[in-house]
Amino acid sequence: MTINEIENLEFDYLEIKDYEELFLAMQKAYPDIENPLWEKDKIKKLKKVFNEGQVVIKVNGEIVACALSIIVDYDKYSDNHNFKKITKNYTFDSHTEDGDVLYGIDMFVVPEYRELRLGRRMYDYLKELCEKYNLRGIVAGGRISGYQKYQESVTPKGYIEQVKRKEIDDLILNFHIANDFYPSRILKAYLEGEDARNEYTVLLKWDNIYFEKPTEQVETTKSEVRLGLIQWQMRPYHDLDEVMQQAEFFIDAVSEYRSDFALFPELFNAPLMAKFNHMSEHEAIRQLADYTEEITRRFSELAIAYNINIISGSMPELRDNALYNVGYLCRRDGSLERYEKLHVTPDEARVWGLQGGSQLKTFDTDCGKIGILICYDSEFPELSRLLADEGMDILFVPYLTDTQNGFSRVRHCAQARAIENECYVAIAGSVGNLPNVRNMSIQYAQSMVLTPCDFAFPSNGVKAETTPNTEMILIVDVEIDSLRELHEFGSVRNLKDRRKDMFSLKKVITKN
């Protein structure tokens, strides 16, 4: 059968009135089996317990493919089962609406139609069924009858590996691997009457990445997250109240658009150093550190008042007479967590005496796991990779750069972090001039949200961006489910395809 000969292709539920036609299709698909694989009463029972799981494809009105399935409570059976057990002696009484796995009873395509990828169509439908009923995935048994030709020279495990490497052609295994299934276990005598010594079945699984484990707690984690980036204008302020008045203005603005996060830039409060301009640079920034505790307290109050998670950019902080560049995640539930800049630039160390911190971790929020790296830290790929290994979905980078060269380093490294870690990266900086603050005279910034480069995302990896060097806000929606799909089905899979057999990465914390 060629595509040109197809006048009509119909995907539909299996009907009892079509049983004779189904029987003929079974005979063509299983020519070595004398008796019909499924008697009419078995088909009636399957339709009665789970009609949606019994589907056929008709070409020019003729049944040429079929898929049969049930839903089971898989924990009652585990991976070490046989077909008779999983179907409760072929009665299909194992089907339950409270189950968590779609079990494949049978799937076949008449040989002359196998080039039309009808099996893929049926599995696409069954995958959608899994998502509809929030099932963990699909499980099916696939016989590796071709193994008998190789069993004298290779183990079943070795056979599967050679099939994966395309050294051996196995129709059933190849088909399932092409449809994102993976071998889970090798079963002996899976079907009744099989010889356990030389007949093997591979238990094949497909995981539903959208599965959500049922819970009695209210679900608050969001799949669509709205980010509010604040491109902050450096300008003279008389006191802290003026700084926080401007900060609240922006928080109010982004919360009006129902943003889940407000991201401030690195050292956004630097204008307050103007009153200390008579001091040396390193003395002035230590005076600026005196404001950090009060700013954090006010940010936390604003997070609650405006129902938004605030990432406070960064501020200098003194601890045991050592000066660090830190920020705080102020959640809208009132909780606080601290993050630190781990790598300080040569200028920050020489002029201000800043020291690198030692805390690196992800943060749980009502919008999933996030990571925060301050400016220069984004240029070290190990940090964000460690955060990605902990499940980070969004990386926030508050930054401060004086020239376009410095901005370009942060911007392009942030783009690389989005691609290699399959996550969103939001960067926010400050603009404007501070002629009355030494070592802070000019700023250059363009804030933006960066994405991986795959079909579900912008082709250039830029979700949205601000006008350079202009005070403004940027509101951007990001889809967390798109990341889940990328992890499993992306054109490339940077996280999964790492050669962990050749290298490893681990986090070593030397101090608190």
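Residue by residue, here is whether (1) farther than 19 Å from ASP124 by Cβ; (2) in contact with a Gly (Cβ under 9 Å, 6 or more places away or on another chain); (3) in a helix (DSSP H, G or I) holds:
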site	(1), (2), (3)
LEU24	yes, no, yes
ILE33	yes, no, no
LEU37	yes, no, no
PHE50	no, no, yes
LYS58	no, no, no
VAL64	no, no, no
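Taking the conditions exactly as written (among the polar types (S, T, N, Q), assigned by TED's automatic domain parsing to the domain that holds LEU129, more than 36 Å from the chain's Cα centre (by Cα) and outside any helix (DSSP H, G or I)), does ASN80 satisfy them or not? Against the criterion (among the polar types (S, T, N, Q), assigned by TED's automatic domain parsing to the domain that holds LEU129, more than 36 Å from the chain's Cα centre (by Cα) and outside any helix (DSSP H, G or I)), ASN80 does not qualify.
Restricting attention to region 305-356, report how many residues are on the phi < 0 side of the Ramachandran plot, over 27 Å from the mean Cα position of the chain (by Cα) and in a loop (DSSP other than H, G, I, E, B). Explain how you work it out, then say what you get.
Of region 305-356, the ones on the phi < 0 side of the Ramachandran plot are 305-306, 308-312, 314-319, 322-333, 335-352, 354-356.
Then keep just the ones that are over 27 Å from the mean Cα position of the chain (by Cα); that gives 305-306, 314-319, 322-326, 343-352, 354-356.
So of that shortlist, the ones also in a loop (DSSP other than H, G, I, E, B) come out as 306, 343-345, 354, 356.
Qualifying residue count, region 305-356: 6.
Condition check for LEU135 on (1) among the hydrophobic types (A, V, I, L, M, F, W, C); (2) in a strand (DSSP E or B); (3) within 28 Å of LYS213 (Cα to Cα): one failure, at (2). Once region 365-382 is narrowed to residues that are under 16 Å from the mean Cα position of the chain (by Cα) and surrounded by 21 or more Cβ atoms within 10 Å (Cβ to Cβ), the residue that is farthest from GLU422 (Cα to Cα) is THR365.
Residues in region 85-108 include none that are assigned to a strand (DSSP E or B), more than 22 Å from LYS188 (Cβ to Cβ), more than 31 Å from the chain's Cα centre (by Cα) and not aromatic (Phe, Trp, Tyr).
So in region 225-244, with the set limited to residues that are of a type in the set (Val, Ile, Thr) and closer than 19 Å to GLU471 by Cα, which one is surrounded by the fewest Cβ atoms within 10 Å (Cβ to Cβ)? Among those that are of a type in the set (Val, Ile, Thr) and closer than 19 Å to GLU471 by Cα, it is VAL243. Every condition in (1) farther than 26 Å from MET392 by Cβ; (2) buried (at least 18 other Cβ atoms within 10 Å of the Cβ); (3) out of contact with any Asp or Glu (no Cβ under 9 Å at 6 or more places or on another chain) holds for PHE249 except the one numbered (2).
Number of residues in region 462-475 that are over 16 Å from GLN415 (Cα atoms) and either under 29 Å from the mean Cα position of the chain (by Cα) or among the aliphatic types (A, V, I, L, M) (or both): the value is 4. So is LEU400 crowded, with 20+ Cβ neighbours inside 10 Å and either closer than 19 Å to SER312 by Cβ or in contact (Cβ under 8 Å) with a residue 24 or more places away in the chain (or both) or not? Considered against the rule, which asks whether it is crowded, with 20+ Cβ neighbours inside 10 Å and either closer than 19 Å to SER312 by Cβ or in contact (Cβ under 8 Å) with a residue 24 or more places away in the chain (or both), LEU400 comes out as yes. Condition first: at pLDDT below 95 and out of contact with any strand residue (DSSP E or B) (no Cβ under 6 Å at 6 or more places or on another chain). Can you find one or more residues in region 408-428 that meet it? Within region 408-428, none of the residues are at pLDDT below 95 and out of contact with any strand residue (DSSP E or B) (no Cβ under 6 Å at 6 or more places or on another chain). Among what's in region 126-150 and is in contact with a Phe, Trp or Tyr (Cβ under 8 Å, 6 or more places away or on another chain) and loosely packed, with under 15 Cβ neighbours inside 10 Å, pick the residue that is farthest from ASP170 (Cα to Cα). Among residues in region 126-150 that are in contact with a Phe, Trp or Tyr (Cβ under 8 Å, 6 or more places away or on another chain) and loosely packed, with under 15 Cβ neighbours inside 10 Å, the one farthest from ASP170 (Cα to Cα) is ASN134. For region 462-492, a residue qualifies if it is of a type outside the set (Lys, Arg), touching a Ser or Thr at 6+ places or on another chain (Cβ under 6 Å) and buried (at least 19 other Cβ atoms within 10 Å of the Cβ), and the qualifying residues are THR466, LEU474.
Inspection of region 435-444 finds no residue satisfying the criterion of being crowded, with 16+ Cβ neighbours inside 10 Å, closer than 30 Å to ASP180 by Cβ, in contact with a Pro (Cβ under 7 Å, 6 or more places away or on another chain) and not assigned by TED's automatic domain parsing to the domain that holds GLU128.
Filtering region 379-402 to residues that are part of a loop (DSSP other than H, G, I, E, B) and either outside the structural domain of SER430 (by TED's automatic domain parsing) or farther than 30 Å from ASN439 by Cα (or both) leaves GLU390, GLY391, MET392, ASP393. Looking at region 159-169, can you tell me whether even one residue there is assigned to a strand (DSSP E or B), within 30 Å of the chain's Cα centre (by Cα), at pLDDT 90 or above and more than 29 Å from ILE394 (Cα to Cα)? No - not one qualifying residue is present in region 159-169.
The values are calculated or read from the model by the stated rules, or taken from the named source; none is laboratory data. Since the model is a prediction, treat every value here as computed from it, not as a measurement. Neighbour counts are summed over all protein chains in view; Cβ atoms, including those assigned to glycine, are modelled from backbone coordinates with ideal geometry.
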